[in-house]
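To start, the structure under review is shown below, and the notes come after it.
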Amino acid sequence: MKLLLILLMVPAIVAAQTIPPKANVIIVKGVSFMEVCNSLLDHGYAIKTKDNELQTAITEPQKYPKYWNAGYVINIRVKDSAAYISGTFTAPFSSYAIVGGAGRGSLWNGDPVYHHTNRKGVTHPKSLIGYPFTLMNEFALSFGKPVEYKTQ
């Protein structure tokens, strides 16, 4: 009987971790603002702006580790012990270095990062839009806390 109950629960657990297509916000429950900021630093991100009162943080532009000449920025808001993680990307990455900031000479300027899938729902982890979402998701899962996904 116990074995049957466990076997029935496995599909429910796997389904709960499914990321919906075009999800652009990752929610990590049960974390504090300082915990998130420390984790950003531990994962090699530099914090550009931080507001302790509103509990928001924005990272410095981070170059994609591989696949594309692009950069992404992580935006975090902690509210009621839940971190809301979203991001934007700009390509090419060199446009961040141009006087005046991102956007001058870039093809994509501050476009939102989201979970990019094909029509069947299979993830495109190496796509220009989806790659930073994959990296942000790895960061979110590193807390070992419950994670949800939302489309805004």
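The values are calculated or read from the model by the stated rules, or taken from the named source; none is laboratory data. Please read these numbers as outputs of a predicted model, since none were measured by experiment. Cβ: placed from backbone, ideal geometry, glycine included. Neighbour counts: every protein chain shown.
For region 29-38, the criterion of being charged (D, E, K, R), touching a Lys or Arg at 6+ places or on another chain (Cβ under 8 Å) and surrounded by 13 or more Cβ atoms within 10 Å (Cβ to Cβ) is met by at least one residue. Of the residues THR117, THR56, the single one that is in contact with a strand residue (DSSP E or B) (Cβ under 9 Å, 6 or more places away or on another chain), polar (S, T, N, Q) and under 16 Å from LYS22 (Cα atoms) is THR117.
Filtered by the rule that a residue be of a type in the set (D, E, K, R), assigned to a loop (DSSP other than H, G, I, E, B) and more than 30 Å from LYS120 (Cβ to Cβ), region 40-77 gives GLU53, GLU60. Residues in region 117-129 that are at negative phi, touching a residue at least 40 places away in the same chain (Cβ under 8 Å) and either among the aliphatic types (A, V, I, L, M) or not in a strand (DSSP E or B) (or both): LYS126, LEU128, ILE129. So, TYR84, is that one at pLDDT 85 or above, closer than 19 Å to GLN152 by Cα, in contact with a Pro (Cβ under 9 Å, 6 or more places away or on another chain) and surrounded by 14 or more Cβ atoms within 10 Å (Cβ to Cβ) or not? Spelling it out, it is not the case that TYR84 is at pLDDT 85 or above, closer than 19 Å to GLN152 by Cα, in contact with a Pro (Cβ under 9 Å, 6 or more places away or on another chain) and surrounded by 14 or more Cβ atoms within 10 Å (Cβ to Cβ).
Within region 115-145, restricting attention to residues that are small (Gly, Ala, Ser) and modelled with pLDDT under 90, the residue that is farthest from the chain's Cα centre (by Cα) is GLY121. Specify which of the listed residues (PRO112, PRO61) is farther than 22 Å from THR18 by Cα, at pLDDT below 95 and surrounded by 14 or more Cβ atoms within 10 Å (Cβ to Cβ). None of the others qualify; the one that does is PRO61. Per the conditions (1) in contact (Cβ under 8 Å) with a residue 12 or more places away in the chain; (2) assigned to a loop (DSSP other than H, G, I, E, B), the sole criterion not satisfied by CYS37 is (2). Scanning region 120-134 for residues that are in contact with a strand residue (DSSP E or B) (Cβ under 6 Å, 6 or more places away or on another chain) and under 11 Å from ILE19 (Cβ atoms) yields one hit, THR123.
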